[in-house]
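A.B. asks: My structure is below; once you've seen it, I'll send some questions.
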Amino acid sequence: MTVLESLLRELRETCAGLPDRREGPHRDGQYSMADIGLSAFSVFFMGSPSFLAHQRRLEEGQGRSNCQTLFGMTAIPTGAYIRLTLDGAPPDTFDPLFYRVLETPGVLEPFRCLDGRPVVALDGTEHFCSRKIHCPRCLKRKRSDGGTEYYHAFLGASLVAPGGNRVVPLPPEFIAAQDGRRSGIASATPPNAG
């Protein structure tokens, strides 16, 4: 088994273990949690904005899709179904997979450039923002018009190397309110910095 096959197997097992909040008995033909999680992951892996629709067209025209051959998926759910089913799944479930990649022999070598140490690139981003929809984990900020925006943000990190054409992503760190609560006004000033 290749390293990629091993990592994809571990990803499938992790997705299969995601919490299934669907109610009632499971029906024949119902999407497995593994297929739902892998569908969400595959969009990023292939880098196509309409990946799932493209996979369905491949399956219709060729008899098999990349989702089946690469990820071993049996069915491809819609984007809306993926979001509905995975909403609320703990993102840190996937952290061990990031560390497993780092433990793979030879992976770190191309990134050792500062006296043998890797370089880490950091980038913060928001992945949700609304004035109406919010949850207990949302950060919030006041806008100049007096309104309040609710948002989620995280800090992403990747191993990089000068002149390299590959990166190794590290687990994301989700940003919490500065006062330590799960929600509140986000601030650039730490508490008690008075």
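Please treat every number below as a calculation from the coordinates, not as lab data. Nothing here was measured: the structure is a model prediction, and the numbers come from that model. No Cβ is skipped: glycine too gets one built from the backbone with ideal geometry, and neighbour counts run over all protein chains shown.
A.B. asks: How big is the dipole moment of segment 110-185 about its Cα centre under a simple scheme where the beta carbon of each Lys and Arg is +1, that of each Asp and Glu is -1, and everything else is neutral? Debye, nearest 20, please.
C.D. replies: Working: 12 positive and 7 negative charges, 58 e Å.
Dipole size: approximately 280 debye.
A.B. asks: What ranking of LEU38, LEU11 emerges when the number of other C-beta atoms within 10 Å of each C-beta is taken as an exposure proxy, fewest first? List each step's numbers first, then the result.
C.D. replies: On the way: LEU38 25, LEU11 20.
The order, fewest Cβ neighbours first, is LEU11, LEU38.
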